[in-house]
Amino acid sequence: MKFKNNYFSFFYELGMILSCCGFVFPVFKNSMTILDKTVVFYSIRIFDFLTKDDLLRTSLLLLVLICSIAGLTVNLLKTSEKKILKFAFIIVSILSGIIFYLITTDIFRQYREHFYMGLYCIIAGWIFSMIGILNIMVTKK
């Protein structure tokens, strides 16, 4: 039983690492051909959305990143409520991402053909983390 709990804890941590990595990788990527010869690539990262002009979007994205990092560091704490803290961090991270998506649906519609690795890493990280934490919370000590 102990091995199973560690296995799902690994799933949770892997998911949080993927969510953090999604901030570094491009979220949207596109290529343009100019004069049938030159290919110009451009990519948009999550950090490109962080601006001082739009405090709400910046705060939501930083909340996703901070909760992912905090979820990784929970194991370093000496508290008995690690399960609840991990669950809270992943829920806040996911809800912040969903609210960011709802606020910026125009951007996501414009670039929906050009989704790239960063967005997939964040979503896969959330899925892995939810699988891990739900199984940890269901299993008894």
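The values are calculated or read from the model by the stated rules, or taken from the named source; none is laboratory data. Since the model is a prediction, treat every value here as computed from it, not as a measurement. Glycine gets a Cβ as well: all are built from the backbone with ideal geometry, and neighbour counts include every protein chain shown. Surface areas here come from the heavy atoms of the whole protein model, side chains and all, with no ligands, DNA or RNA. Shrake-Rupley method; radii C 1.70, N 1.55, O 1.52, S 1.80 Å.
Listed by first and then second residue, the pairs linking a residue in region 87-98 that is free of Cβ contacts under 8 Å to residues at least 12 places away in the same chain to a residue that is assigned to a helix (DSSP H, G or I) and open to solvent by 60 Å² or more (accessible area, probe 1.4 Å), with Cβ atoms under 9 Å apart and 6 or more places separating them unless they lie on different chains, are L95/L63. Among the conditions (1) of a type outside the set (D, E, K, R); (2) more than 15 Å from C20 (Cα to Cα); (3) in contact (Cβ under 8 Å) with a residue 24 or more places away in the chain; (4) open to solvent by 40 Å² or more (accessible area, probe 1.4 Å), V138 misses just one, which is (3).
The set of residues in region 71-86 that are small (G, A, S) and under 20 Å from the mean Cα position of the chain (by Cα) contains only G71. On the stretch given as region 124-135, residues that are among the β-branched types (V, I, T) and crowded, with 17+ Cβ neighbours inside 10 Å total 1. Listed by first and then second residue, the pairs with beta-carbon distance under 6 Å, at least 6 apart or on different chains, first residue in region 108-127 and without any contact (Cβ under 8 Å) to a residue 40 or more places away in the chain and among the aliphatic types (A, V, I, L, M), second in a helix (DSSP H, G or I) and open to solvent by less than 100 Å² (accessible area, probe 1.4 Å), form an empty list.
Selection over region 42-62 of residues that are open to solvent by 70 Å² or more (accessible area, probe 1.4 Å) and touching a residue at least 24 places away in the same chain (Cβ under 8 Å) gives a count of 3.
Please enumerate the residues belonging to region 86-114 that are modelled with pLDDT of 90 or more, aliphatic (A, V, I, L, M) and open to solvent by less than 60 Å² (accessible area, probe 1.4 Å). Scanning region 86-114 gives A88, I90, I91, V92, I94.
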